[in-house]
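Undergrad: Sharing a structure below in structure tokens format, with a few things to ask.
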Amino acid sequence: MSGMGETSSIEIQQLRELKGPLVDVRSPSEFEKGHWPGAINVPLFNDEERAAVGTAYKQQGRTPAIHLGLELTGPKLSSLARQLDNLRQQGEPRIYCWRGGMRSASVAWLAQQIDLKPRLLQGGYKSYRRWAQSRFEQIWPLRVMGGRTGTGKTDLLLAMAARGAAVVDLEGLANHRGSSFGGLGLPDQPSTEHYENQLAEALDQHQRCGATAIWLEAESIQVGRCRIPKALFDQMQEAPVLEIQRDLGERVNQLVQVYGHQGGAALAEATERISRRLGPQRTKEALEAIAREDWATACRATLDYYDRCYDHELARSPKRDTIDLSGLSADQAAETLIDGGFVDIPD
């Protein structure tokens, strides 16, 4: 299956400059674990077929594995060709597999048979992962948005992004709000591997646009099950912090809007997960409030714990400014920060 066609492999930086759809020909489970963001999965083998070919390679050698691969792919060549043809309007395909070997070469050969001009990623997905991880070793012009739970940091960052500020939405990419309650009502989280890929792409995009400040929300290193790369997290710990303050009533209202419709069972389960940290009295108070659908009281019962955690983390910040945005919507707050010189917007 190797040696089909004369498609040359291109280093990742060159391939990134080209247009055209990204085609990941690995198996669905490989793709699910992590892929180049924006890629389309056109698997040469499904998970079971990939396992069978791999076993044949280990137990019998390369040639028997190739024969098995041909037997498996032969009946579906027409379907694969149609999938590739459907991408024609997006440009010439950029194809990769795990190491840049037989799978991507085989699909590239098939693409050539329908008059496409594919390009292959030299080193495959492994080279993409090396590129992604290298992003976090760079020095970035980070600015951190801090503030106690319920101050609307994420909404504010998104309002800033809508006005042209460079923002990396750590929680949005993770599908998690970063607390015991953070996954309620959100899609499944990506793997940490794919989370890293998304972060690398976001940072690289801001670098390409010449951003002089990149804003992120203050987080612990774990955002749900996703883990912020340590090299990036270390930079966040040293970055200047802008702390947002709002009065307690606004914070409670914000949390009720976000979590009040999630249902008592889910909220009670999330509360139980932090019961040891809340203590028996606050846990009891929160659970009783949830049972009678008194969301505001339930929020207040947990806020003391989250405030203490936040204040402990914030005390480590080397540089910090504070601004009270009570009474302002996210859009109004974004305008206030821009007008006050806290946030620079590129011309």
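Every number in this text was worked out from the coordinates using simple rules, so none of it is lab data. Remember, predicted model here, so these are calculated numbers, not experimental data. Quick reminder, even Gly has a Cβ in these numbers, built from the backbone with ideal geometry, and neighbours come from all protein chains shown.
Undergrad: Taking only DSSP H segments of four or more residues, each worth -39500 (n - 2.57), what value at 222 nm results for the chain once the sum is divided by all its residues, to the nearest 500 deg cm²/dmol?
TA: About -15500 deg cm²/dmol.
Undergrad: In nm, to one decimal, how far is the modelled label at Gln257 from the one at Phe342, with both set 7 Å along Cα→Cβ?
TA: The two pseudo-label positions are separated by 1.7 nm.
Undergrad: Among Tyr310, Leu77, Pro28, which residue has its Cα positioned farthest towards the positive end of the charge dipole of the chain, with +1 placed on the Cβ of Lys and Arg, -1 on the Cβ of Asp and Glu, and the dipole taken about the Cα centre?
TA: Positive-most Cα among the choices belongs to Leu77.
Undergrad: Need one word for the stretch 74-170: rounded, prolate or oblate. Basis is the Cα gyration tensor (sqrt eigenvalues a ≥ b ≥ c); a/c below 1.5 gives rounded, then a/b vs b/c decides.
TA: Prolate, because a/c is 1.5 or more and a/b exceeds b/c.
Undergrad: Here's another thing I want to ask about it. Which entry is the computed Cα extents along the principal axes in Å for this structure: [x] 75, 48, 32; [y] 68, 49, 33; [z] 58, 50, 40?
TA: [y]
Undergrad: So who's got an amide H within less than 5 Å of the one on Ile40, skipping anything under 5 residues away but keeping other chains? H placed 1.01 Å off N, in plane.
TA: It is Leu22, Val23, Asp24, by chain and number.
Undergrad: Now for a different question. Each residue of the stretch 318-324 in turn: what ³J(HN,Hα) in whole Hz from Karplus with 6.51, -1.76, 1.60 and θ = phi - 60°, glycine and Pro shown as x?
TA: So the J values, rounded to whole Hz, are x, 9, 8, 10, 10, 9, 8.
Undergrad: Treating only the Cβ of Lys, Arg, Asp and Glu as charged (+1, +1, -1, -1), what charge dipole size does the stretch 137-339 show about its Cα centre? Round to the nearest 20 debye.
TA: I would put it at about 460 debye.
Undergrad: Let me ask another. Taking neighbour counts of Cβ atoms within 10 Å as a proxy for exposure, in what order, fewest first, do Lys153, Lys126, Lys58 appear?
TA: Lys58, Lys126, Lys153
Undergrad: How large is the dipole of the chain about the Cα centre if only Lys and Arg carry +1 and Asp and Glu carry -1, each at its Cβ, rounded to the nearest 20 debye?
TA: Dipole about the Cα centre, nearest 20: 1200 debye.
Undergrad: A further question on this structure: Averaging sequence separations of C-alpha pairs under 8 Å and six or more residues apart, then dividing by the length of the stretch 9-133, give the relative contact order as a whole percent.
TA: Here the relative contact order equals 33 percent.
Undergrad: Regarding the stretch 9-133, what is the average projected area of its C-alpha convex hull, in nm²?
TA: Mean projected area for the stretch 9-133: 7.4 nm², to one decimal.
Undergrad: Roughly what % antiparallel, to the nearest 5, for the DSSP beta bridges in the stretch 137-339?
TA: Roughly 10 percent of the DSSP beta bridges within the stretch 137-339 come out antiparallel.
Undergrad: Could you tell me what percent of the DSSP beta bridges with both partners in the chain are antiparallel, to the nearest 5?
TA: That works out to approximately 10 percent antiparallel.
Undergrad: Taking the Cα centroid of the stretch 246-320 and of the stretch 143-161, what is the distance between the two, rounded to the nearest whole Å?
TA: 18 Å
Undergrad: Identify, among Gly224, Gly123, Ala333, the residue whose Cα sits farthest towards the positive end of the charge dipole of the chain, taking +1 on the Cβ of Lys and Arg and -1 on the Cβ of Asp and Glu, with the dipole about the Cα centre.
TA: Of the listed residues, the answer is Gly123.
Undergrad: Moving on to the next point. Report, in whole Å, the centroid distance computed from the Cα atoms of the stretch 75-99 and the stretch 188-212.
TA: That distance is 26 Å.
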